[in-house]
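This report refers to the structure that appears directly beneath it.
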Amino acid sequence: MNKVRIVLGDDHTLVRQGVRKILEDQPEWTVVDEASDGREAVRKTLEAKPDVAIFDIAMPLLNGIEATRQVVRRTPDVRVLILSMHADEAYVVQGLQAGARGYILKDSADADLVDAVTAVASGKSFFSPTVASVMLDDYVRHLAEKGVVDRYQLLSEREREVLQLVVEGHSNKAAAELLCLSPATVETHRSNILQKLDVHNTAELVLFAVRRGVIS
């Protein structure tokens, strides 16, 4: 079995050392390189082409959001996990729009970090429970303030099933097998979901799902 290869970017040496120890306590994982600023993190990630890159959101020279955007644009197979002190929705939204697959708080338990890397490495998304809760609260408050329809309620039962599988990182083919449908039918459901929710791509779909509490 191939090891999950990880690049770690954080400007605090003690944080990097602590995170690296947690990661390398997992026998199937290896940290192939480290970086202390955003530009170095991008360069080393592009060179190493790891499975997962973990970026602090507040790195010097280039912040974690911009580092994520550059890496995802140039090497889309690398899955980025944002490490942050901020649970504010604005930061999470920026991370998702940049292409991050997960967002975890620095004060999270060791087990959350392990779960986050496990999820992201397998193509799924992961958000710290606190982050997911904040985004759901903001979503509910927004609906109450604006008096708008909860678009999730517009989806059929099958569309909700497809939505969850898509935002968890399953391909159309994998979702079709799980639901005993054809890939073409799943693609039709996916198109209908985008239209009903008024979103335009998978990143926006994941953002909606986190806000709505579909995934955590």
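The values are calculated or read from the model by the stated rules, or taken from the named source; none is laboratory data. It should be emphasised that the depicted structure is a prediction, and the values quoted were computed from it without experimental measurement. We place every Cβ from the backbone using ideal geometry, glycine too, and count neighbours over all the protein chains shown.
Restricting attention to the range 114-124, which residues are without any contact (Cβ under 8 Å) to a residue 60 or more places away in the chain, closer than 20 Å to Met135 by Cα and in a helix (DSSP H, G or I)?
Applying the first criterion (without any contact (Cβ under 8 Å) to a residue 60 or more places away in the chain) to the range 114-124 yields 115-116, 118-119, 122-124.
Filter once more, so that each one left must be closer than 20 Å to Met135 by Cα: 115-116, 119, 124.
Answer for the range 114-124, where residues must be without any contact (Cβ under 8 Å) to a residue 60 or more places away in the chain, closer than 20 Å to Met135 by Cα and in a helix (DSSP H, G or I): Asp115, Ala116, Ala119.
Taking into account only those residues within the range 150-176 that are within 14 Å of Asp198 (Cα to Cα) and under 21 Å from the mean Cα position of the chain (by Cα), which is modelled with the lowest pLDDT?
Ranking the qualifying residues of the range 150-176, first place goes to Tyr152.
Among the residues of the range 209-216, is any touching a helix residue (DSSP H, G or I) at 6+ places or on another chain (Cβ under 7 Å), under 25 Å from Lys106 (Cα atoms) and either without any contact (Cβ under 8 Å) to a residue 40 or more places away in the chain or surrounded by fewer than 16 Cβ atoms within 10 Å (Cβ to Cβ) (or both)?
The first filter runs over the range 209-216 and keeps only residues touching a helix residue (DSSP H, G or I) at 6+ places or on another chain (Cβ under 7 Å), leaving 209-216.
Cutting the leftovers down to under 25 Å from Lys106 (Cα atoms) gives us 209-216.
The next check asks that each one be either without any contact (Cβ under 8 Å) to a residue 40 or more places away in the chain or surrounded by fewer than 16 Cβ atoms within 10 Å (Cβ to Cβ) (or both); those that pass are 213, 216.
Yes, the conditions are met somewhere in the range 209-216.
One residue is enough: does the range 102-110 have a residue meeting the conditions touching a Pro at 6+ places or on another chain (Cβ under 8 Å) and within 17 Å of Asp51 (Cα to Cα)?
Looking for residues that are touching a Pro at 6+ places or on another chain (Cβ under 8 Å) and within 17 Å of Asp51 (Cα to Cα), one finds none in the range 102-110, hence no.
Considering every residue within the range 51-64, establish whether at least one is acidic (Asp, Glu), in contact with a Gly (Cβ under 6 Å, 6 or more places away or on another chain), surrounded by 14 or more Cβ atoms within 10 Å (Cβ to Cβ) and at pLDDT 90 or above.
yes
Check Arg79, Arg5 and return the single one that is in contact with a Ser or Thr (Cβ under 8 Å, 6 or more places away or on another chain), under 15 Å from Ala121 (Cβ atoms) and in contact (Cβ under 8 Å) with a residue 40 or more places away in the chain.
Within the list Arg79, Arg5, the selection yields Arg5.
Report every pair of residues separated by at least 6 positions or lying on different chains whose Cβ atoms are under 8 Å apart, first residue within the range 86-98 and under 21 Å from Gln70 (Cβ atoms), second among the aromatic types (Phe, Trp, Tyr).
Close Cβ pairs satisfying both conditions: Tyr91/Tyr103; Val92/Tyr103; Val92/Phe127; Gly95/Tyr103; Leu96/Tyr103.
Mind listing just one residue for me: the one in the range 188-202 that is among the aliphatic types (A, V, I, L, M) and surrounded by 19 or more Cβ atoms within 10 Å (Cβ to Cβ) and, of those, modelled with the highest pLDDT?
The qualifying residue modelled with the highest pLDDT is Ile193.
Any residue that is small (Gly, Ala, Ser), modelled with pLDDT under 90, under 25 Å from Asn201 (Cα atoms) and exposed (fewer than 15 other Cβ atoms within 10 Å of the Cβ) - is there at least one of those in the range 67-89?
No, that holds for no residue.
Examine the range 15-34 for a residue that is crowded, with 21+ Cβ neighbours inside 10 Å, without any contact (Cβ under 8 Å) to a residue 40 or more places away in the chain, under 24 Å from Val210 (Cβ atoms) and assigned by TED's automatic domain parsing to the domain that holds Pro129, and state whether such a residue exists.
Checking the range 15-34: not a single residue is crowded, with 21+ Cβ neighbours inside 10 Å, without any contact (Cβ under 8 Å) to a residue 40 or more places away in the chain, under 24 Å from Val210 (Cβ atoms) and assigned by TED's automatic domain parsing to the domain that holds Pro129.
Run Ala111 past the list (1) part of a helix (DSSP H, G or I); (2) surrounded by 14 or more Cβ atoms within 10 Å (Cβ to Cβ); (3) of a type in the set (A, V, I, L, M) and report the number of the one that doesn't hold.
(2)
Considering every residue within the range 60-71, establish whether at least one is touching a residue at least 40 places away in the same chain (Cβ under 8 Å), part of a loop (DSSP other than H, G, I, E, B) and farther than 21 Å from Asp115 by Cα.
yes
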